[in-house]
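Enquirer: Structure in structure tokens, see below.
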Amino acid sequence: MALRIISRHLLQKPAAWRYSTAAFPSSPQAKCQEYERPLMKTTVPGPKSQALKRELSAIQHSDAVKFFCDFSASRGNYLVDADGNRMIDLLTQISSIPLGYNHPALIEILQDPENMSTFVNRPALGILPPLDIVRLISESLLLVAPRGLRQVQTMACGACSNENAFKAVFFWYRNKQRGGSASHEDLESSMLNQMPGSPDLSILSFNGGFHGRTLGCLSCTHSKAIHKVDVPAFDWPIAPFPHLRYPLDEFTAENAHEESRCLEQVEEQIEAYSRRGRPVAGIVVEPIQAEGGDNHASPDFFRRLRGLATKHGCALICDEVQTGCGATGRFWAHEYWNLDSPPDVVTFSKKMLTGGFFFKDELRPDASYRIFNTWMGDPTKVLLLHAVLRVIREKHLLEGTQRAGVVLLRGLTQLQEQYSNLLSEARGQGTFCAVTVRDQKTCDNLLTSCLNKGVVLSGCGERSIRFRPALIFTEQHANIFLEIFDSVLAECK
Ligand code: PSZ
């Protein structure tokens, strides 16, 4: 019965790739073609989205839903909603669409009958992996492994990746402390959540950081109270993240001073928690604090943080869930730092399509089933990533992102000069850009006006607008957006 319903549903609603051939002439180039400009038919959410939202609200809390997406009709940088509004997308499903909507290279993966069994049979990767898994990982994830990190573990999502990275760090730290694997006493006491098996260790994180919403990660997340309230948290150290002045190159001395202040606090916290018997096993940091408001720090800050981690025997966990996979113009944002020694762990998800983490050999768990769950990721996502990475290489999308980023940031800087009562602190790396708005209410108003003129955007921090386009966002797309943003700013009181 259930199967019949599903197949009828599939027949009524052709899958995305069939739509794309129907809607466009069949040559591959034509299939790539996206729309030319936004085209709005209603305000957003329009009547169809509103009706769907009422239906959804009956079964789940859905106040956060902005509108419903017609993914079949969406193309490239353009997201089409239930009411047929066509918008240029600078949010990309919270920074997680690498090549825009319905990219032909991804559709090809689904059309290839060779891939059928991968999509139909989801394995428990930790015990029964498919026979092509080594090739698949070698030809995808390992090609982009950060320098110095040769081990990789896939996971489902960003929080899951960080959560397991923390665990790997704790295992490593305890084995180092003990000089070997867990003792009988460790095993027994862990069953009762007692020391020494459940040790008093901590992860140091930064004010304004975001690392996910699962229990361990949430103790390292400090961007908004609504994420945290009512959930028990570990008493783990929290250090200040630098509050820099932008543009960074105009305030180098002042910013260096601020960074030193924060690094002193990091070291003080590490020492204080060690004295309290809760040593810091790892430090987790985003290369650019994203949810917290697109807060940047200099390569020098991160080099010195790396030094502090090494000095105090803590692992450095670089959370590239949002910055990874090219948006900053380098594949990994931490490549900008020129570290002497790489981070110990680099976590990823979002545009990488699969979650997971790269890590140093020393952080390999000492026994099986220590980092484990049912799926441990999903080979279909690695298959799609394989195609994403090929397109990034072949189409030189990192260079394209750098070029588009220059136009976007230059445009934002000009608008900030023109509307200096509204905008400040234009900042960014690649297309990973943001601008601060006068106050929260104005920020919300600007976001709404942009949406109704066909630009999907979102805020970050208290009153910043962030830009998270796909890697196929070009100078032309930046100009289309800037023109619309200019008109929105001109109408803003
Ligand atoms: O509100 C939310 O839950 C959001 S809005 C954006 C995110 C989450 N980002 C997820 C994220 C991240 O940006 C960084 C730097 N680290 C970890 C995560 C968690 O990833 P997910 O959401 O896949 O668990």
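Enquirer: Pull up the DSSP beta bridges for segment 123-377 and report the antiparallel fraction as a percent, rounded to 5.
Expert: Rounded to the nearest five, the antiparallel share is 45 percent.
Enquirer: Further, regarding this structure: Mind grabbing the accessible area of T43 for me, 1.4 Å probe, Å², rounded to tens?
Expert: Accessible area of T43: about 90 Å².
Enquirer: Please identify the DSSP H helices in the chain that span no less than 15 Å along the helix axis (Cα) and have a mean Kyte-Doolittle hydropathy of -0.5 or more.
Expert: Helices meeting the criterion: 2-12, 379-394, 397-418, 440-452, 475-491.
Enquirer: Once you have a ≥ b ≥ c as the square roots of the Cα gyration tensor eigenvalues for segment 210-308, tell me rounded if a/c is under 1.5, and otherwise prolate or oblate according to whether a/b is larger than b/c.
Expert: Judged from the Cα gyration tensor, segment 210-308 comes out oblate (a/c at least 1.5, b/c at or above a/b).
Enquirer: Continuing with the same structure: At 7 Å along the Cα-to-beta-carbon direction for both A124 and A490, put a label point, then send me their distance in nm to one decimal.
Expert: Once both label points are built, they end up 6.3 nm from each other.
Enquirer: When you have a sec, figure out the Kirkwood radius of the chain from all distinct Cα pair distances and drop it here in Å to one decimal?
Expert: 24.1 Å
Enquirer: Counting helices only, and only those DSSP H runs with n ≥ 4, report the 222 nm mean residue ellipticity of the chain as the sum of -39,500 (n - 2.57) divided by its residues, in deg cm²/dmol to the nearest 500.
Expert: That comes out to -12500 deg cm²/dmol.
Enquirer: In µm²/s, what is D for segment 126-271 at 10 °C and 1.306 mPa s, where D = kT/(6 pi eta Rh) by Stokes-Einstein and Rh is the Kirkwood radius from Cα pairs?
Expert: 85 µm²/s
Enquirer: If you don't mind, there's one more thing I want to ask. Can you give me the solvent accessible area of V134 with a 1.4 Å probe, rounded to the nearest 10 Å²?
Expert: In the full protein context, V134 sits at about 100 Å².
Enquirer: Taking all protein chains together and a probe of 1.4 Å, list C160, C314 from the most accessible to the least accessible.
Expert: Solvent-accessible surface, decreasing: C160, C314.
Enquirer: Please compute the Kirkwood hydrodynamic radius of segment 123-377 from all pairs of different C-alpha atoms, in Å with one decimal.
Expert: Hydrodynamic radius (Kirkwood, Cα pairs) of segment 123-377 is 18.8 Å.
Enquirer: Now a separate question. By accessible area of protein heavy atoms, probe 1.4 Å, what ranking do R75, R147 get, highest first?
Expert: R147, R75
Enquirer: Can you count the Lys pairs in segment 123-377 with C-alpha separation below 20 Å, eight or more apart or on different chains?
Expert: Lysine pair count for segment 123-377: 5.
Enquirer: Moving to a separate point now. Assuming 0.692 mPa s and 37 °C, estimate D for segment 158-238 with Stokes-Einstein, Rh taken as the Kirkwood radius over Cα pairs, in µm²/s.
Expert: 239 µm²/s
Enquirer: Can you give the extra length, in nm with one decimal, that the chain gains between H184 and A367 once fully stretched, where that is 0.36 nm per residue apart less the Cα-Cα distance?
Expert: Difference between extended and current length: 64.4 nm.
Enquirer: Could I ask something else about it? What percent does the relative contact order of the chain come to when contacts are Cα pairs within less than 8 Å and at least six residues apart?
Expert: 19 percent
Enquirer: Here's a follow-up. Tally Lys/Arg at +1 and Asp/Glu at -1 over every other residue whose Cβ is under 14 Å from the Cβ of R122; what's the total?
Expert: Summing Lys/Arg as +1 and Asp/Glu as -1 gives 0.
Enquirer: Carbon and sulfur together cover what percent of the accessible area of the chain at a 1.4 Å probe radius?
Expert: Carbon plus sulfur share of accessible area: 54 percent.
Enquirer: Now a separate question. At a 1.4 Å probe radius, which order do R410, R466, R174 fall into by accessible area, largest first?
Expert: R410, R174, R466
Enquirer: From the Cα gyration tensor of segment 383-493, with a ≥ b ≥ c the square roots of its eigenvalues, which class applies: rounded if a/c is under 1.5, or else prolate if a/b is larger than b/c, or else oblate?
Expert: Judged from the Cα gyration tensor, segment 383-493 comes out prolate (a/c at least 1.5, a/b above b/c).
Enquirer: Regarding segment 56-161, what's the average projected area of the Cα-atom convex hull, expressed in nm²?
Expert: Seen from a random direction, the Cα hull of segment 56-161 projects 10.0 nm² on average.
Enquirer: Now for a different question. So how exposed is I59, as accessible area in Å² (1.4 Å probe, rounded to 10)?
Expert: Rounded to the nearest 10, that gives 140 Å².
Enquirer: Could you give the length gained on full extension between D200 and E55, defined as 0.36 nm per residue of separation minus the Cα-Cα distance, in nm?
Expert: Gain on extension, D200 to E55, equals 47.5 nm.
The values are calculated or read from the model by the stated rules, or taken from the named source; none is laboratory data. On a predicted model such as this, the values are computed, not experimentally measured, just so you know. No Cβ is skipped: glycine too gets one built from the backbone with ideal geometry, and neighbour counts run over all protein chains shown. SASA here: full protein model, heavy atoms, side chains in, ligands and nucleic acids out. Shrake-Rupley method; radii C 1.70, N 1.55, O 1.52, S 1.80 Å.
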